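K.L.:
First the structure, then my questions, so here it is.
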């Protein structure tokens, strides 16, 4: 399949983040920092309530790469992001991306970002992918 | 004090395994992954024990901590049955104007075969946010 510079990826919208999901993610990931689980702790850290794990949104970003470039056909060589804005329970996160550059070895550099329901970028990042063929 | 650099700064090493389908699937459920099987791109976040233990060695107050950047460099894919060895080390520390910037680097290997490298960067602030 051919790709063009700036070609947008199919966006991937996730259901609203729930506190139950944060508890499940804390168990699955091993990140049980109380800032994600305990409102009182989060408030003492200056937030109105618990905040979602940034790595949960990065997982959505990785899932968007898989959505567009199935892991049966492509390998991800690198995946990176900056956490730009905090995400709260109830927020709806959609992962986006586009083709930034096309390399002579067939690999692609992708620009990636996640947005909340207000259209604010919560993460910004990049990935490099290459076809398994 | 945001961070204590006078203590033990040696890398933290630990082992995980064997890797099985159930571990991948548990993580995939937690992120509502499109693909139910196999290791998701950020599955390696399940090996952040070394980071949390290192932050503990640095006497970091979690209320002052923000994870600001994350990078994964993938070398070879995880395999079911992998017995993994993870080494987490302090890659860099910078302190200025009431903040500290800490990068921790982890290498995940199976039988000395590098699976991936992970670099996590955190900011610590003098006071809690707000």
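K.L.:
If I model region A:1-109 as equal point scatterers sitting on the Cα atoms and use the Debye formula, what is log10 I(q)/I(0) at q = 0.11, 0.17 Å⁻¹?
P.N.:
So the normalised log intensities work out to -0.44, -0.85.
K.L.:
Average partner chain C-beta neighbours within 10 Å, per residue of B:31-43? Intermediate values should be presented prior to the final figure.
P.N.:
On the way: counts 15, 10, 6, 7, 6, 0, 1, 3, 1, 5, 12, 12, 4.
The mean count of partner-chain Cβ atoms within 10 Å per residue comes to 6.
K.L.:
OK, next. Compute the whole-percent fraction of alpha carbon pairs in the protein assembly as shown spaced more than 22 Å apart.
P.N.:
56 percent
K.L.:
What whole-number distance in Å separates the alpha-carbon centres of region B:67-130 and region B:9-24?
P.N.:
14 Å
K.L.:
Provide a whole-number value for the mean count of partner chain Cβ atoms within 10 Å of the Cβ atoms in peptide A:10-22. Please list the in-between numbers first.
P.N.:
Working: counts 0, 0, 2, 0, 2, 1, 0, 1, 0, 0, 0, 4, 1.
Per-residue shielding by partner chains comes out at 1.
K.L.:
Please compute, for peptide A:59-69, the average count of beta-carbon atoms on other protein chains lying within 10 Å of each residue's beta-carbon. Mind showing how you got there, number by number?
P.N.:
On the way: counts 11, 4, 3, 8, 9, 2, 1, 6, 3, 0, 0.
That works out to 4 on average.
K.L.:
With a cut-off of 8 Å between alpha carbons and a minimum separation of six or more residues, what is the relative contact order of chain B in percent?
P.N.:
Dividing the mean separation by the residue count of chain B yields 31 percent.
K.L.:
State the Cα centre-to-centre distance between region A:64-133 and region A:6-27 in whole Å.
P.N.:
Region A:64-133 and region A:6-27 have Cα centres spaced 13 Å from each other.
K.L.:
Here's something else I'd like to know. Looking at chain B as a GNM with Cα springs under 10 Å, which of B:39, B:30, B:110 has the largest mean-square fluctuation?
P.N.:
Between B:39, B:30, B:110, it is B:30 that shows the largest mean-square fluctuation.
K.L.:
Where does each of B:67, A:121 land when they are ranked from fewest to most other beta-carbon atoms within 10 angstrom?
P.N.:
In increasing order of surrounding Cβ atoms, one gets A:121, B:67.
K.L.:
How many nm separate the modelled label positions at residue B:87 and residue B:99, each set 7 Å beyond the Cα in the direction of the Cβ?
P.N.:
3.1 nm
K.L.:
Nearest 10 degrees is fine. How inclined is helix B:21-30 to the longest principal axis of chain B, computing both from alpha carbons?
P.N.:
50 degrees
K.L.:
Using only Cα atoms and rounding to the nearest 10 degrees, what angle (0 to 90) does helix A:19-29 make with the longest principal axis of chain A?
P.N.:
Helix A:19-29 and the main axis of chain A meet at about 60 degrees.
K.L.:
Testing the spin-label approximation: label points 7 Å from Cα along Cα→Cβ at residue A:105 and residue B:34. State their distance in nm.
P.N.:
A separation of 2.5 nm, rounded to one decimal place.
K.L.:
Angle, helix A:54-68 long axis vs. longest principal axis of chain A, Cα atoms, 0 to 90°, nearest 10?
P.N.:
Once rounded, the angle reads 30 degrees.
K.L.:
Using Cβ contacts closer than 10 Å as the measure, can you line up A:58, B:99 from fewest to most?
P.N.:
Result, fewest neighbours first: B:99, A:58.
K.L.:
Arrange A:122, A:109, A:114 by Cβ neighbour counts within 10 Å, fewest through most, would you?
P.N.:
Result, fewest neighbours first: A:109, A:122, A:114.
K.L.:
Something else: Per DSSP H run of n ≥ 4, the term is -39500 (n - 2.57); total these for chain A, divide by its residue number, and report the mean residue ellipticity at 222 nm rounded to 500 deg cm²/dmol.
P.N.:
Numbers: 3 runs with 32 residues, N = 133.
Taking each H run of at least 4 residues, the total per residue is -7000 deg cm²/dmol.
K.L.:
Return the tail of the calculated pair distribution for chain B, meaning the percent of Cα-Cα pairs more than 22 Å apart.
P.N.:
The share of Cα pairs beyond 22 Å in chain B comes to 41 percent.
Values quoted throughout were computed directly from the atomic coordinates according to the rules given, and no laboratory measurement underlies them. Fair warning: this is a prediction, and the values are worked out from it, not measured in the lab. Please note: Cβ atoms are built from the backbone with ideal geometry, for glycine as well, and neighbour counts cover all protein chains shown.
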